[in-house]
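These notes are about the structure you will find just below.
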2 protein chains.
Amino acid sequence: MRTMTDSETRAFLLEGTRTGKLGWVGKDGRPHVAPIWFTFDGDDIVFNTHEDSGKFKALRRTGVACLLVDDDAPPFSFVKVDATVSLEDDLVAVRSFATKIGGRYMGEDRAEEFGARNGVPGEWLVRLTPTKITAAAEVSN
Amino acid sequence: MRTMTDSETRAFLLEGTRTGKLGWVGKDGRPHVAPIWFTFDGDDIVFNTHEDSGKFKALRRTGVACLLVDDDAPPFSFVKVDATVSLEDDLVAVRSFATKIGGRYMGEDRAEEFGARNGVPGEWLVRLTPTKITAAAEVSN
């Protein structure tokens with residue numbers, strides 16, 4: 001195992017359609033993990049979610065999250081990001097990032113379609129500001 | 001999006017070297033997610049971990065976990081398992097599953113090597129008994 005460099009870490013997180021596995025704590029204190037589509041805004045990780053979702057309510061209540069991205073083929077690598085959370089409902093920003101994120105995961109030809117679908121009232125932009133990053137490459141070596 | 005059948009869900013979880021993304025809650029109440037290697041024992045999901053790890057201490061303290069497995073290419077699918085946790089340190093069982101899990105992720109020719117490495121005092125078998133399974137196929141369709 002070795003530690004990735006900062007630029008390697010960023011490239012790893014942005015490679016292809018790799019999803020983020022978002023961890024949050026529910027109202028009852030239980031852990032939850034769900035896949036999200038994300039991108040970067042500067043050094044922050046950003047994604048869209050609806051205000052009715054369990055993850056949104058938990059993130060608003062707790063202000064903290066964890067994001068994991070991994071490569072699940074030998075020799076196995078992963079990046080774990082512990083983060084604080086801030087929330088924005090400015091529709092211009094929500095739609096702008098929904099378009100960018102849609103393009104990443106569904107292809108540039110469908111970016112506008114996803115921007116329009118997710119850039120509507122009720123959708124929020126969630127911003128994760130990293131507080132600790134663990135970036136482990138070639139774990140099984 | 002559609003819901004997977006039970007047999008499809010099990011096959012999805014066991015496909016190739018797909019890792020589980022384990023979610024737990026730290027002592028400070030923060031969420032954590034890390035990749036694990038796992039297999040099934042009956043209807044339980046089992047994996048090995050060391051008693052000095054953060055995840056082990058959290059699982060012993062809280063008795064609950066969440067496991068996510070996803071396919072991060074279009075059309076995107078995932079299985080989320082909410083579970084209760086039980087812990088076993090019987091070395092025969094620890095080594096037996098360490099061997100099976102090593103074979104799954106590193107190939108049958110290296111199964112015994114991983115069984116020997118992870119079947120030692122201090123290593124535990126963690127058993128996740130599902131309490132709720134969410135199995136969503138073709139999420140972006």
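We did not get these values from a lab; they are worked out from the coordinates using the rules stated. Just so you know, these numbers come straight off a predicted model, no measurement behind them. Using ideal geometry, Cβ is built from the backbone for each residue, glycine included, and neighbour counts are taken over all protein chains shown.
Structure summary
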| item | result |
| --- | --- |
| Sorted by Cβ neighbour density within 10 Å, fewest at the top, the residues A:Phe40, B:Phe78, B:Phe38 | A:Phe40, B:Phe78, B:Phe38 |
| Size of charge dipole - segment A:2-137 - debye, nearest 20, with Cβ of Lys, Arg +1 and Asp, Glu -1, no other charges | 480 debye |
| Radius ratio Rg over Rh of the protein assembly as shown, counting only Cα atoms, Kirkwood formula for Rh | 0.96 |
| Straight-distance crosslink candidates among lysines, where the alpha carbon sits under 23 Å from B:Lys100 and sequence neighbours closer than 8 are dropped | B:Lys21, B:Lys55, B:Lys80 |
| Relative exposure of B:Ile133, A:Ile101, judged by other C-beta atoms within 10 Å (fewest first) | B:Ile133, A:Ile101 |
| Charged-residue dipole, Cβ positions (Lys, Arg, Asp, Glu), the protein assembly as shown about Cα centre, Debye nearest 20 | 800 debye |
| Fluctuation leader among A:Ala111, A:Ala65, A:Ala34 - chain A, Gaussian network, Cα springs under 10 angstrom | A:Ala34 |
| For segment A:66-82 and segment B:102-141, distance of Cα centres in Å | 16 Å |
| Most positive-pole-ward Cα, A:Val64, B:Thr39, A:Thr3, against dipole of the protein assembly as shown from beta carbon charges | A:Val64 |
| Ratio Rg/Rh [Cα only; Rh per Kirkwood] for segment A:2-137 | 0.96 |
| Normalised contact order of chain A, rounded percent, pairs of Cα under 8 Å and 6 or more residues apart | 31 percent |
| Average beta carbon contacts from partner chains per residue of A:27-40, 10 Å cutoff | 6 |
